[in-house]
Structures are given as C-alpha cells and as structure tokens.
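Novice: A single structure is presented below for examination.
The values are calculated or read from the model by the stated rules, or taken from the named source; none is laboratory data. What you see is a predicted model; the values in this text were computed from it and never measured. Cβ placement follows ideal geometry from the backbone for every residue including glycine, while neighbour counts extend to all protein chains displayed. Heavy atoms of the whole protein, side chains included, go into the accessibility calculation; ligands, DNA and RNA do not. Shrake-Rupley method; radii C 1.70, N 1.55, O 1.52, S 1.80 Å.
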Amino acid sequence: MAMTKPGPLLAWIYRAPSALYRARLGWLMGGRFLMLTARGRSSGVARRTVLEVVKRAPGSAAAPPTLWVVASRGPRTDWYRNALAHPGVRVDWRSQRFDARAVDLDEADRAELLADYQQRHPGAAAMLGKAALGEPFTADPGDLSRLAQDLRALRLEPRPPSTDVAGSR
C-alpha cells in the first residue's frame, strides 16, 4: 500500500525546500532533489513540489539531464496526476531550470528503476519500502514487483523551451 497523505505540519515541512528553489538557491539541495512545477489538472494553476531524484542520465554541456522521480503515494499522488494531465513541466535541479516532458513509466520500467535505486541507495530504499509496503524492500523480485505495482514513476525528458509549460518564465 502506498504512503498516506501527510498531515498539515509534515506537509509544511515538505514544502519548505521549495522556497530555496524559488529563490534560485536549489543548488543548496544538491543533485538528489529537484523542484517540479506542473499545472493543476483541474485549476490550471502552477503547482510546485520538491522531489527526490531517484536516477539521472547525464546531459551534455548544452543540455540538461534526464531525471526520474517516484510518486511514493502511488497513483493518488497529486503532483503525479497533474504531470500526467499536463506533461509539459518545468524542472529546477541544482542551478538549472529547464522545460521537460513527463513520461509515465510502465510497471516493468518501475521495477527496473526501483532495483537500480535499491542498489545505489539501500538505506533510502529501505525507508521507501517501509513506508509503502510496511517493511523494507530488498532486491527480491517479489518485493520489487509489489512495490512497482503500488508506486508510480515519471521520466522527465528535457525539451526546448516553449510557452506550453507550467509556470513558464
């Protein structure tokens, strides 16, 4: 079962890092986090969320990297649902700000992403598994399959700037 929605105090703490990104100080968060800006699926208002980067593919000197993020509350996660409804998103990562296309991963790709994450960050993966499954997940294919069924993930592919992106400049 995916994580539940946080209470008001925890939600405020989770939102606090977005102030750093909005002040163009995202580099203080390092490469392990990003701020995703997506248009609300109903309101159309720009919504910002700071997320952990679970994987990245290096970009070039001129192009930003492709980044992967996981929705730990599964398909009910608000930012995930917003990005699916409006896949043109903005990403603030380190000191870079770029437009991206949010691509939903299928279950097999999510399992592969989670296996990679578990191998590179076993401590954080154990906490994610405990929150989502009620117990730490391992590289066991059964654990990965259960977690991949429950969680959702997006690949954020950089794209040239356009005016059809949430929170456009």
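Novice: Does Ala16 count as loosely packed, with under 13 Cβ neighbours inside 10 Å, at pLDDT below 95 and either part of a loop (DSSP other than H, G, I, E, B) or in contact with a Pro (Cβ under 8 Å, 6 or more places away or on another chain) (or both)? Reasoning before the result, please.
Specialist: Working: loosely packed, with under 13 Cβ neighbours inside 10 Å: yes; at pLDDT below 95: yes; either part of a loop (DSSP other than H, G, I, E, B) or in contact with a Pro (Cβ under 8 Å, 6 or more places away or on another chain) (or both): no.
No.
Novice: Continuing with the same structure: Can you find, within the range 66-101, the residue that is farthest from the chain's Cα centre (by Cα) among those that are at pLDDT 95 or above, within 21 Å of Gln118 (Cα to Cα) and open to solvent by less than 10 Å² (accessible area, probe 1.4 Å)?
Specialist: Leu67
Novice: Picking from Pro8, Pro58, which residue would you name as being at pLDDT below 95 and closer than 25 Å to Ala148 by Cα? Spell out how you get there, then give the answer.
Specialist: Details: Pro8 fails: closer than 25 Å to Ala148 by Cα.
Pro58 is the lone residue from the list that is at pLDDT below 95 and closer than 25 Å to Ala148 by Cα.
Novice: Test Thr138 against the criterion of being hydroxyl-bearing (Ser, Thr, Tyr) and under 12 Å from the mean Cα position of the chain (by Cα), and give yes or no. I'd like the intermediate steps shown before the answer.
Specialist: On the way: hydroxyl-bearing (Ser, Thr, Tyr): yes; under 12 Å from the mean Cα position of the chain (by Cα): no.
Here the answer is no, as Thr138 does not meet what is asked.
For (1) of a type in the set (Asp, Glu); (2) within 24 Å of Ser18 (Cβ to Cβ), each residue gets a yes or a no:
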site	(1), (2)
Val50	no, yes
Ser72	no, yes
Ala100	no, yes
Asp116	yes, no
Thr138	no, no
Gly142	no, no
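Novice: OK, next. Have a look at Arg152, Arg110, Arg146 and point out the one that is out of contact with any strand residue (DSSP E or B) (no Cβ under 6 Å at 6 or more places or on another chain) and surrounded by 15 or more Cβ atoms within 10 Å (Cβ to Cβ). Before you say what the answer is, go through the steps one by one.
Specialist: Numbers: Arg152 fails: out of contact with any strand residue (DSSP E or B) (no Cβ under 6 Å at 6 or more places or on another chain); Arg110 fails: out of contact with any strand residue (DSSP E or B) (no Cβ under 6 Å at 6 or more places or on another chain).
Only one candidate qualifies: Arg146.
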